[in-house]
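No lab work stands behind these numbers, since they all come straight from the coordinates. Just so it is clear, the model here is predicted, and its values are computed rather than measured. Here the Cβ is made from the backbone with ideal geometry for all residues, glycine too, and neighbour counts use every protein chain on show.
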């Protein structure tokens, strides 16, 4: 006798791997179809589906109402889709900006020297930041991670991430102004 979704969700909440597998077999294709509306690459779809089910397993005890499980599943999928799209947009913008800087046609020697000095100064400022602030800054500004991703990766709150970024940027502004790279 096949058990209902509500029964499977109740068993999942208790940690049943068999219930999880049954739910996965039923809903993974649906999640893949849902994500395929947003991504052409099947690997992106599979990655998001995987993240959705990892989250379901990790948060299984917090599932409140088995009747709304399907809605919960697609809400998690939607959030992962939005985060993945946002991350791709940020990465593309960063890549385009980086490419634009590299492709500058007119670059006189004085600009090149100023750029080299600025680069050395930025490296020094980054190196002078406290360890955790430096890690947050690099993940945010150089690697393009969202604040939420950084918080999860480093095991700190989003507010702490935001504070580290704010203080790092403040330090950059102060030092760059002192050295006449920014207008006062």
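Ranked highest first by the average count of other Cβ atoms within 10 Å around their residues, in what order do 166-175, 37-46 fall?
So the order, starting with the most tightly packed, is 166-175, 37-46.
What length, rounded to one decimal in nm, is gained on full extension from residue 6 through to residue 46, with 0.36 nm per residue of separation minus their alpha-carbon distance?
Contour length minus Cα-Cα distance gives 11.9 nm.
What does the C-alpha gyration tensor say about the overall shape of region 5-88? Classify as rounded when a/c is under 1.5, otherwise prolate if a/b is larger than b/c, or oblate.
In terms of gyration-tensor shape, prolate.
Can you tell me how much longer the chain between residue 74 and residue 152 gets when fully stretched, taken as 0.36 nm per residue apart minus their C-alpha distance, in nm with one decimal?
25.9 nm
Any chance you could run the full-extension gain for residue 85 through residue 57? It's 0.36 nm times the residue separation minus the Cα-Cα distance, nm to one decimal.
7.7 nm
Can you sort 35, 146, 68 from fewest to most other Cβ atoms within 10 Å of each residue's own Cβ?
68, 146, 35
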